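Read the figures in this text as sums done on the coordinates, not as results from a lab. What you are looking at is a predicted structure, and each value in this text was computed from that prediction instead of being measured. Here the Cβ is made from the backbone with ideal geometry for all residues, glycine too, and neighbour counts use every protein chain on show.
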Amino acid sequence: MTSVTGTADPLVRAQLLREQSARADRRATAGRVTRQVVVFGLFMVAIAAVYISYKAFGAAFDHEQHTWRIIGSYLPRSDDLNMPPIPDIFGALTDPLPGESGSMAGTLFGEALFTLRETVAGFVVGVVLGLTLAIALARSSFLERGLTPYIVASQTIPLIAIAPLVVIWGRKNIDFFPWEWKDWMSVSIIATYLTFFPVAINGLRGLKSPRPENLELMESYAAGWTPTLWRLRFPASLPYLFAAFKLAATASVIGAIVGEISAGVGGGLGRRILSEALRYSTGPGRLYASVAFAALLGIGVFLVITAVEQLVLRSQGRKAIT
Amino acid sequence: MSAVEIRNVSKIFNRGRANEVHAIDDVDLAIESGEFVTLIGPSGCGKSTLLRLVASLLSPSEGAITVAGKSAEQARLDQDYGMAFQRAGLFEWRTVAKNIELPLELMGWNRADRRRRSAEMLELVKLPEFGDHHPAELSGGMQQRIAIARSLAFNPSLLLMDEPFGALDEMTREHMQTELLRIWEETATTVVFVTHSIPEAVILSNRVVVMSPRPGKISEIIPIDLGERSDDTREDPEFFKGVTRVREALRAVEGL
Ligand SMILES: Nc1ncnc2c1ncn2[C@@H]1O[C@H](COP(=O)(O)OP(=O)(O)OP(=O)(O)O)[C@@H](O)[C@H]1O
Ligand SMILES: [Mg+2]
């Protein structure tokens, strides 16, 4: 084994030092991932423990309702219908759905993919739109002052109200694209609507984040607005943008699911949750399983963005914000 | 032709408003090509402002500035000067080498030339093994050396330096002074240098410009004649004479 300090040639030494720090980096990353997996596992166990204890606690007091009226009157009941035992939830996943073949987990997986497609399409369009807006607003303080109130106001429209509208428009009026407009694309618009906002607002903050001495440096090089954007403003905004992407991606999943539910679009997790809610009494485990899948989809999307963020920012020797 | 000509320049920030500041008042100064001129004076006397005016990062409220016979703005557009600021201002997402290459990139140099040049510059500031590091891994003084390397990378004929050695320890500082003098002699660059250190001003300059505050004015210009600098210059009686003269001028300015 070559010792770093014992090597005379500076180039060889630099190379050895680089390899050494790369190894240390990989070890640190592996350690961090392991720690996160363990923490996540403990978190799931904790949730299960709370669920089980509440269920036991509620059940024990359920028949005392007339003497001790808190349980049953103010707190949710905890019988097997409202809170199916955890094994039942896992059981529902392995059983086929009524009138269908294959396990419910398989069906849910397909439906999660359907919702994921809506989410990703909406997210990508939302990022492009948000970034374009952020750049336009950073470029012109006139636009910034004029448009920002409307951008903020756009988010006060309740999602549940616009979802059916968008789907109806999509069916009737969106025929100018070279491809056939499908209902899932309307749901994507809802994800876009939730994505563009944090991207535009955080992106604008990021684009305006360079310190004055850095802007002066670019000015001293007589660099115009576009070179300054690509070499200074945009790279400076990356940590802000990733913070927005994490927010936007999880919001997009929620938007897609709520969109499916409120607009009655079939094929995704939202529709599944709706139909399992309607036949709740015949299989409460199925609803819980569907909701768990929706939560996992949100967590998965968040983790993917976080991983990309770590990769990009780490390669630039910096840290994520938030 | 003068390298820099500052004619009756005044700078008033926020003119006519409550926070109006008269930063520079009627400054007149001609700097010859190849000259090394140092600006010294109490904090807030307008040294940085004067340098920014020459760099055309600010425009004068009155008067005019020419650089290499052109307007200061044209000189900026033509990249006639390199600038090192009071703060290093490196881009944290770029490696050290890429930071030095930034002006070269903007000037359209090809990758191989840029690499060669940044390697040379890293040798010059005695940090050859740090090219692939990110600025956050460097001490403040090392970052400042990288900023100096960046300002020298494209061989500008005029160097504007705002307290570039303020963050360095004494030995590195003397070393950088020697290096700067060597570069200056080798390249026939004109240097306008801001400092708070009297010995630094004396060892480096042909002329020391002493400024007084509120509003910023030139109160005295002290010529220094140390001839060719060597390791012994810092112990030369001429050097101490220069130090004494500058100190007395500064005392007069501060009313001591
Ligand atoms: N952009 C600005 N807007 C308003 N006032 C300014 C601006 N820049 C500088 N000033 C004022 O001009 C005066 C001179 O500032 P300047 O930075 O040139 O001083 P300095 O001599 O470089 O001081 P120091 O030695 O502390 O760096 C100060 O009173 C400062 O407050
Ligand atoms: Mg200053």
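Between the helical axis of B:237-254 and the dominant principal axis of chain B, each derived from Cα atoms, what acute angle in degrees is found, rounded to the nearest 10? On a 0 to 90 degree scale, this one is about 60. Over all other residues within a Cβ to Cβ distance under 13 Å of B:ARG94, the charged ones net out to 0, with Lys and Arg as +1 and Asp and Glu as -1. Relative to one another, the C-alpha centroids of the range B:1-76 and the range A:23-63 are positioned 64 Å apart. Averaging Cα coordinates gives a centre for the range A:218-239 and one for the range A:166-206; these two points are 30 Å apart. Result for chain A in a Gaussian network model with C-alpha springs under 10 Å: among A:LEU229, A:LEU287, A:LEU116, the largest mean-square fluctuation is at A:LEU229.
Stretching the chain fully between B:LYS126 and B:SER230 yields a gain of 35.5 nm (0.36 nm per residue, less the alpha carbon separation).
Here A:LYS319 is the anchor, and the aspartates and glutamates within straight C-alpha reach of less than 14 Å, apart from those fewer than 8 places off in the same chain, are A:ASP25, A:GLU309, B:GLU92, B:GLU137. For the range A:89-315, the gyration tensor built on C-alpha atoms gives a prolate shape. Its axis ratio a/c (a ≥ b ≥ c) is at least 1.5, and a/b is the larger of a/b and b/c. The C-alpha atoms of chain A define a longest principal axis, and helix A:10-62 lies at about 20 degrees to it. Neighbours of A:ASN214 by Cβ distance under 13 Å: Lys/Arg scored +1, Asp/Glu scored -1, total +3.
Taking a ≥ b ≥ c as the square roots of the eigenvalues of the Cα gyration tensor, an a/c ratio of 1.5 or more together with a/b larger than b/c marks the protein assembly as shown as prolate. Classify chain B as rounded, prolate or oblate, taking a ≥ b ≥ c as the square roots of the eigenvalues of its Cα gyration tensor: rounded when a/c is under 1.5, otherwise prolate if a/b is larger than b/c and oblate if not. Taking the square roots of the gyration eigenvalues as a ≥ b ≥ c, chain B is oblate. Of all the options A:ARG231, A:ARG35, A:ARG211, the one that moves most in a Gaussian network model of chain A with Cα springs shorter than 10 angstrom is A:ARG35. Hey, what angle do you get for helix B:96-106 against the long axis of chain B, alpha-carbon based, 0 to 90 degrees rounded to 10? Orientation of helix B:96-106: about 70 degrees from the principal axis.
Going down the list B:LYS11/B:LYS217; A:LYS208/B:LYS11; B:LYS47/B:LYS217, which pairs span over 19 Å between their C-alpha atoms?
Beyond 19 Å between Cα atoms: A:LYS208/B:LYS11.
Partner aspartates and glutamates whose Cα lies under 13 Å from the Cα of B:LYS70, excluding those fewer than 8 positions away in the same chain, are identified as B:GLU5, B:ASP78, B:ASP80. Which of these, A:ALA24, A:ALA161, A:ALA223, has the largest mean-square fluctuation under a Gaussian network model of chain A (Cα springs below 10 Å)? The residue with the greatest mean-square fluctuation here is A:ALA24. Straight-distance candidates among the lysines for linking to A:LYS172, with alpha-carbon spacing under 19 Å and chain neighbours fewer than 8 residues away dropped: A:LYS182.
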